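Structure record follows, encoded as structure tokens.
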Amino acid sequence: MNKTRRVIGLHLGLLALLFALQFVLPAYHHGNLARIMVLASYAIGYNILFGYTGLLSLGHALFFAAGMYGLSLTIQHAGFTAAPALLTGLIAGAAVSAALALLALRTAGVAFMIVTLMFAQAGYLTILYFAQYTRGDEGFVIQAAQRVLWGIDLSEPTNRYFAAFILFATCLLVSLALVRAPFGRTLIAIRENEERVRMLGYNTFAHKLAAMIISGTISASAGAAYGLLFGYAGASFASVQYSIFPLLWVLLGGAGTVLGPFVGTLFMFYLIDLSSGITTAYMLIAGVTLIVLTLFAPQGLVGELRRRVWRWLP
């Protein structure tokens, strides 16, 4: 019981801190933190598949882009308002993740990684091919008048921050509930020893299919939110780079930890931001820092805290 109280208290405490920061942060960091919360939601989706289920995907940008373009294309070309466009983005993400899961889960290991990468690249090339609708690499801006959800103008900084906070809080609490439930425990068991789980009578394919759909839908919600809150959709968000980013964020923060995706995203975002202010070779500083962290904190920042100090962290 004490462990449960500590876990719930820690996660609610983080949310309380993020809520309070809205009132004290300067404009620059206020906007940065809103962006970080959306991207951390994306990383939370990735962590469910990679950190808890043990499936290394290099195609998660496909789900992020499905949500983003499901929202932005319907606003741009179908005249949807923000609410139905947001729902369309979620449906697009769930449908794409289900379709890819049914194909990719026929493979395992390196083959799974390659198949997800191939489909993500196919999605990226599709966006470029239909540039007359998507505007390809150039992308398009979603006007402020189109970013009004239930009468709330999401282009306004305070409203944008709270919308990002609600998204992140929802994803964080869903992730926490999921991994503490029997379903989440089964995913962890599959990660550790799938054959043994199958011998115990569990349908491992069904569990991995559900995990991939949940992961893809959460990632799509982050993509849709990014387009809606920051008013832009472009092909770069479907590129390999945006499949690598959540992997780095999760590894840095701690794969298989609930708070790891947020900590990794926050760390990586400000590492690049601060180093770019020092030199144009900022990626060199970021790369060296990542190597050092990999050597001395192989389980990630939160993972090392769990291993060394707080063993009760989920």
For this session: Please list, in chain and number order, the residues 5+ apart from Leu149 or on another chain whose amide H is under 5 Å from its amide H, with Hs placed from the backbone.
Result: Leu154
Exercise. For the chain, with only Lys/Arg (+1) and Asp/Glu (-1) charged at the beta-carbon, what is the dipole magnitude about the Cα centre, in debye rounded to 20?
Worked result: 1060 debye
Problem set entry | Leading residue at positive end of dipole, the chain (Cβ point charges), from Phe165, Tyr69, Ala224 | Phe165
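What is the calculated FRET efficiency for Gln143 to Asn32, with r their C-beta to C-beta distance and R₀ = 22 Å, to the nearest 0.05?
Numbers: r = 23 Å, r/R0 = 1.05.
Efficiency at R0 = 22 Å is approximately 0.45.
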For this session: Take the chain, connect every pair of alpha-carbon atoms lying under 10 Å apart with a spring to form a Gaussian network, then pick out the residue of Phe130, Phe165, Phe205 with the largest mean-square fluctuation.
Result: Phe130
Seminar exercise, completed: Final fewest-first order of Leu271, Leu17 on the 10 Å Cβ neighbour count is Leu17, Leu271
Exercise. In the chain, which whole DSSP H runs stretch at least 20 Å along their own axis (Cα) and average -0.5 or higher on the Kyte-Doolittle scale?
Worked result: 2-21, 27-47, 61-77, 82-104, 110-129, 157-180, 204-230, 260-276, 282-296
Problem set entry | From the coordinates shown, log10 I(q)/I(0) by the Debye sum over Cα atoms at q = 0.07, 0.11, 0.12, 0.14 Å⁻¹ corresponds to which of [x] -0.41, -0.87, -0.98, -1.15; [y] -0.27, -0.71, -0.86, -1.22; [z] -0.26, -0.68, -0.81, -1.11 | [z]
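Shape call for the range 197-242 from the C-alpha gyration tensor, a ≥ b ≥ c root eigenvalues: rounded (a/c under 1.5), prolate (a/b greater than b/c) or oblate?
The shape class here is prolate.
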For this session: Would you mind calculating the relative contact order of the chain from Cα pairs under 8 angstrom and at least 6 residues apart, reporting the percent as a whole number?
Result: 31 percent
Seminar exercise, completed: By the C-alpha gyration tensor axes a ≥ b ≥ c (rounded if a/c is under 1.5, else prolate when a/b exceeds b/c, else oblate), the shape of the range 151-247 is prolate
Seminar exercise, completed: Helix-only [θ] at 222 nm, the chain, -39500 (n - 2.57) per DSSP H run of 4+, per residue, nearest 500, equals -24500 deg cm²/dmol
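Once you order the gyration tensor axes a ≥ b ≥ c over the Cα atoms, which shape class does the range 218-314 get: rounded for a/c under 1.5, otherwise prolate or oblate by comparing a/b with b/c? Mind dumping the intermediate values first?
Details: a/c = 2.34, a/b = 1.27, b/c = 1.85.
Since a/c reaches 1.5 but b/c is at least a/b, the shape of the range 218-314 is classed as oblate.
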Seminar exercise, completed: Rounded to one decimal in nm, the spacing of the 7 Å Cα→Cβ label points at Val309 and Val292 is 1.9 nm
Problem set entry | Separation of alpha-carbon centers, the range 162-226 and the range 245-285, rounded to whole Å | 23 Å
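Across the chain, where is the longest run that never hits trypsin sites (Lys or Arg not before Pro) in a DSSP loop with at most 11 other C-beta atoms within 10 Å? Working shown, then result.
Details: sites that count: Arg106, Arg311.
Longest site-free region, per DSSP loop and neighbour criteria: 107-310.
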Exercise. Say we join alpha carbon atoms closer than 10 Å with springs in a Gaussian network model of the chain; which of Gly254, Gly264, Gly109 then has the biggest fluctuation?
Worked result: Gly109
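Read the figures in this text as sums done on the coordinates, not as results from a lab. Remember, it's a predicted structure, so these values are computed and weren't measured experimentally. Virtual Cβ from ideal backbone geometry, glycine too; neighbours counted across all protein chains shown.
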